[in-house]
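Data block below; observations after.
The values are calculated or read from the model by the stated rules, or taken from the named source; none is laboratory data. Just so it is clear, the model here is predicted, and its values are computed rather than measured. Note: ideal-geometry Cβ built from the backbone for every residue, glycine included; neighbour counts use all protein chains shown.
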Amino acid sequence: MDFSYKRVENAASEEELYSAASLKVESGHHGPRPSCVTSKSFKLLKDAFVFLLAFWGLFSILYHLSSLIHREGPRGCDCGSSTAEALKLGCKYDSLAAAWLPEHCRDDELTAEFERSGDGPNEPTDQSPCF
């Protein structure tokens with residue numbers, strides 16, 4: 001088996017050949033490289049998409065924070081320490097709660113049902129002990 005070698009004319013240096021060959025093997029690309037315009041367009045499109053996602057996330061966070069700030073704080077059910085103070089604050093006596101309550105703390109339908117129901121089946125009689 002005799003091998004004969006031929007000199008390659010107009011060849012680049014050995015280092016250039018090695019680097020060009022390794023690029024083709026490593027990338028798996030055996031044809032012409034994509035143009036710079038295509039890769040730049042893709043990078044620009046990708047960057048614009050990432051920017052839009054980041055902007056959307058920031059807007060969402062700020063929107064939720066502003067709704068938390070502007071939300072009305074918890075309102076208490078305090079109507080003061082006297083009947084006169086409760087009436088002045090617009091409170092109404094709730095027999096179910098046995099307390100003076102503002103409108104947002106009352107359930108007028110439930111209180112009316114409670115008042116209509118009476119004492120129930122365990123009504124005190126003369127024979128039952130009073131506690």
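Structural remarks
- Entry remark, the range 76-105: residues being over 42 Å from the mean Cα position of the chain (by Cα), in a helix (DSSP H, G or I) and either of a type in the set (Gly, Ala, Ser) or exposed (fewer than 12 other Cβ atoms within 10 Å of the Cβ) (or both) number 1 in total.
- Annotation note: Cβ proximity below 7 Å between a residue of the range 106-125 that is part of a helix (DSSP H, G or I) and a residue that is modelled with pLDDT of 85 or more (sequence gap 6+ or interchain) occurs for Leu110/Leu96; Thr111/Asp94; Thr111/Ser95; Thr111/Leu96; Phe114/Ser95; Phe114/Leu96; Glu115/Ser95.
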